[in-house]
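> First the structure, which I've put down as structure tokens, then a few questions once you've had a look.
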Amino acid sequence: MIVGHAGQTATVTVLIDTPVWPWRGRLWSHLVSDVSYEELHAFVAAELGIPRRAFQGDHYDVPEDLYDIAVAAGAEPVGARELLARLMAAGLRLRKVRRDLGAGSAPR
């Protein structure tokens with residue numbers, strides 16, 4: 001749930017997979033929305049404090065130390081396959097070529 005500046009709340013559909021993706025000595029999760037990128041950006045800014053520049057084209061990489069915080073804030077824990085299937089079903093999955101054009105170098 002996201003709480004706005006006026007105290008308004010909104011239900012979100014943000015998904016997070018298990019932090020099993022290694023990069024730079026840490027394990028990472030993928031955080032996505034199966035509704036919109038705007039919803040994802042709002043959740044990340046309000047709940048996790050991850051900068052927008054960390055957006056990977058269709059997801060954010062979340063370090064394992066923020067996993068429990070994301071879940072407590074309302075992210076739905078799912079397996080990697082379900083996360084991908086729901087992202088694709090929503091039409092929000094970017095093909096690798098498109099992601100590589102503007103994405104950083106964090107894990108995929």
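> Suppose we keep only residues that are under 16 Å from Y37 (Cα atoms) and surrounded by 14 or more Cβ atoms within 10 Å (Cβ to Cβ) within the stretch 98-108. Which one would you say is modelled with the highest pLDDT?
So in the stretch 98-108, the residues under 16 Å from Y37 (Cα atoms) come out as 98-99, 102-103.
Narrowing the set further to residues that are surrounded by 14 or more Cβ atoms within 10 Å (Cβ to Cβ) leaves 99, 103.
Working: R99: 48, A103: 51.
That would be A103.
> Name, by its number, the condition in (1) touching a strand residue (DSSP E or B) at 6+ places or on another chain (Cβ under 9 Å); (2) at positive phi; (3) at pLDDT below 95 that does not hold for L92.
With respect to (1) touching a strand residue (DSSP E or B) at 6+ places or on another chain (Cβ under 9 Å); (2) at positive phi; (3) at pLDDT below 95, L92 is out only on (2).
> If you don't mind, there's one more thing I want to ask. I need the full set of residues from the stretch 35-54 which are over 21 Å from A85 (Cβ atoms) and without any contact (Cβ under 8 Å) to a residue 40 or more places away in the chain, in order please.
E38, H41, V44, A45, L48, G49, I50, P51, R52, listed by residue number.
> Answer with yes or no whether I2 is surrounded by fewer than 20 Cβ atoms within 10 Å (Cβ to Cβ), modelled with pLDDT under 95 and not aromatic (F, W, Y). Reasoning before the result, please.
On the way: surrounded by fewer than 20 Cβ atoms within 10 Å (Cβ to Cβ): yes; modelled with pLDDT under 95: yes; not aromatic (F, W, Y): yes.
Spelling it out, I2 is indeed surrounded by fewer than 20 Cβ atoms within 10 Å (Cβ to Cβ), modelled with pLDDT under 95 and not aromatic (F, W, Y).
> Which is modelled with pLDDT of 95 or more, more than 11 Å from the chain's Cα centre (by Cα), closer than 22 Å to R86 by Cβ and not in a helix (DSSP H, G or I), of L66, L27, L31, L15?
Working: L66 fails: not in a helix (DSSP H, G or I); L31 fails: more than 11 Å from the chain's Cα centre (by Cα); L15 fails: more than 11 Å from the chain's Cα centre (by Cα).
Sole residue among the options that is modelled with pLDDT of 95 or more, more than 11 Å from the chain's Cα centre (by Cα), closer than 22 Å to R86 by Cβ and not in a helix (DSSP H, G or I): L27.
> Follow-up question, since we're still on this one. Restricting to the stretch 76-97, name every residue that is exposed (fewer than 13 other Cβ atoms within 10 Å of the Cβ) and touching a residue at least 24 places away in the same chain (Cβ under 8 Å).
As a first pass, look at the stretch 76-97 and keep what is exposed (fewer than 13 other Cβ atoms within 10 Å of the Cβ): 79, 81, 88-89, 91, 95-97.
Across the stretch 76-97, the qualifying residues are G79, A89.
The values are calculated or read from the model by the stated rules, or taken from the named source; none is laboratory data. Worth saying up front: this structure is predicted, and the values here are computed from it rather than measured. Neighbour counts run over all protein chains shown; Cβ positions are idealised from the backbone, glycine included.
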